[in-house]
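*Asks:* Once you've had a glance at the structure underneath, I'll fire off some questions.
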Amino acid sequence: MAQQGRARRPMMAANWKMNKLVAEAEEYVAQLLPKISGAEGVDVAIFAPFTCVAQVASMTQDTPVVAGAQNLYFEDSGAFTGEVSAPMLKELGVGAVIVGHSERREIFGETDEAVARKTVRAVEAGFLPVVCVGETKEERDSGKMWEKVSGQVRAAFEYLDANRVDGEGIVFAYEPIWAIGTGEVASPEDAQDAIERIRGLLEELGGEDFAGKVRILYGGSIKPGNVGEIMAQKDVDGGLVGGASLEADSFAELVTGAARES
Ligand code: PEP
C-alpha cells in the first residue's frame, strides 16, 4: 500500500554490473522507455558498464532516466591505468555514479579511504553518488552488522562537508552482501531497521534537514514479487537492483511497482 505523503522521491536503479554489449544496451533502453513512460513520481537510473554508458546517455537524454556509471576514480587525469575519471564521464552525459559497491570492495580491494575520496569527487563533479554499504553474513550472524555499516557510512563522510552538501545530492544504498545475487532478500523489517539506523547516523553527521533529504535505497535480490513490501517501509526510498534489472520487462515492473508506492 502506498504511504501517505512519502518524505522523499523514490528511486529505482538498475545495476547491470559487467553485462551487456552495446547493441544489447540499446535494445534494452528502447524497450524500457515506453514501458515506464507512465510511471510518474519515481526517479530511474541505469548504471551501465563504461563501454555502453555513452549509448545509454544519448538514448535517455531527453527522458527522465539518468545514465549512470558503476565506478569512477577520484583523480581527474594522470598515470592511473585502467581508471575512468569524473570529466570523462561528464563528457559522456553521465549523471550518477555508484561508489563502493560491495563487489568493488570485496573483489577489487576498494578501501573505505578510496570510497570516501570517490564520494567527495562525485559530489564536487555534480554527479549523484549512490554510496553502497552493507555487511557480510558472518558479520550479521556475529552481531556486527551495525559496527560494519556505521563504520562504512562514517568513513564515506571523511572528506564530505555535510553542511555544504544538499541531502538531495547524495544517495546511500544499504546492500547486505549476503542478499546480493543470492535470491535471499532481507526481510522488509530488517531492511527498514538498517536504513532507519543509517538515517539516524546521517542526522548525527549532517543534521536533521540533511538526513531527512538523503535517499537510502535497499539492494539485495529485489524482484517484482517483493518490491512492494520493501518499498512500503517508511525509510526505504527505493532499490538498487542487479539481477532483476537485466531484462527491460522486469526492471519496468520494478519501476512501476515503486511508482505505485510513491
Ligand atoms: C546489486 O548488485 O547491487 C544487487 C543488489 O544485485 P541483486 O539485485 O542481483 O541482488
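*Asks:* Which residues, counting only those in the stretch 123-149, are acidic (D, E) and without any contact (Cβ under 8 Å) to a residue 40 or more places away in the chain?
*Replies:* Answer for the stretch 123-149, where residues must be acidic (D, E) and without any contact (Cβ under 8 Å) to a residue 40 or more places away in the chain: E124, E138, E139, D141, E147.
*Asks:* Kindly indicate which of P188, P224 is in contact with a helix residue (DSSP H, G or I) (Cβ under 9 Å, 6 or more places away or on another chain) and within 18 Å of A39 (Cα to Cα).
*Replies:* P224
*Asks:* So which of E175, E184 ends up being charged (D, E, K, R), within 13 Å of the ligand (Cβ to nearest atom) and within 30 Å of F80 (Cβ to Cβ)?
*Replies:* E175
*Asks:* Mind checking which residues of the stretch 239-260 are more than 19 Å from S37 (Cβ to Cβ) and not hydrophobic (A, V, I, L, M, F, W, C)?
*Replies:* The answer is G239, G242, G243.
*Asks:* Show the residue pairs that are 6+ apart or on different chains and have beta-carbon atoms under 7 Å apart, the first residue being within the stretch 89-118 and over 21 Å from A54 (Cα atoms), the second being among the aromatic types (F, W, Y) and open to solvent by 70 Å² or more (accessible area, probe 1.4 Å).
*Replies:* A116/Y159; R117/Y159
*Asks:* Tell me the residue from T81, T51 that is more than 28 Å from R8 (Cα to Cα), out of contact with any Lys or Arg (no Cβ under 6 Å at 6 or more places or on another chain), without any contact (Cβ under 8 Å) to a residue 24 or more places away in the chain and of a type in the set (S, T, N, Q), please.
*Replies:* On inspection, the qualifying residue turns out to be T81.
*Asks:* Now for a different question. For the structure I just gave you, tell me whether M18 is open to solvent by 40 Å² or more (accessible area, probe 1.4 Å) and of a type in the set (A, V, I, L, M, F, W, C).
*Replies:* Yes, satisfied.
*Asks:* Turning to a different aspect of this structure: Could you list all residues from the stretch 93-123 that are over 19 Å from A162 (Cα atoms) and more than 16 Å from the ligand (Cβ to nearest atom)?
*Replies:* Passing the criteria: G93, V94, G95, G109, T111.
*Asks:* Filter the stretch 1-19 down to the residues that are in a loop (DSSP other than H, G, I, E, B) and touching a residue at least 60 places away in the same chain (Cβ under 8 Å) and list them by number.
*Replies:* M1, A2, Q3, R6, A7, R8, R9, P10, W16, K17, N19
The values are calculated or read from the model by the stated rules, or taken from the named source; none is laboratory data. Keep in mind it's a predicted model, so treat the numbers as computed, not measured. Neighbour counts are summed over all protein chains in view; Cβ atoms, including those assigned to glycine, are modelled from backbone coordinates with ideal geometry. Accessible surface is based on the protein model in full, side chains and every heavy atom, while ligands, DNA and RNA are left aside. Shrake-Rupley method; radii C 1.70, N 1.55, O 1.52, S 1.80 Å.
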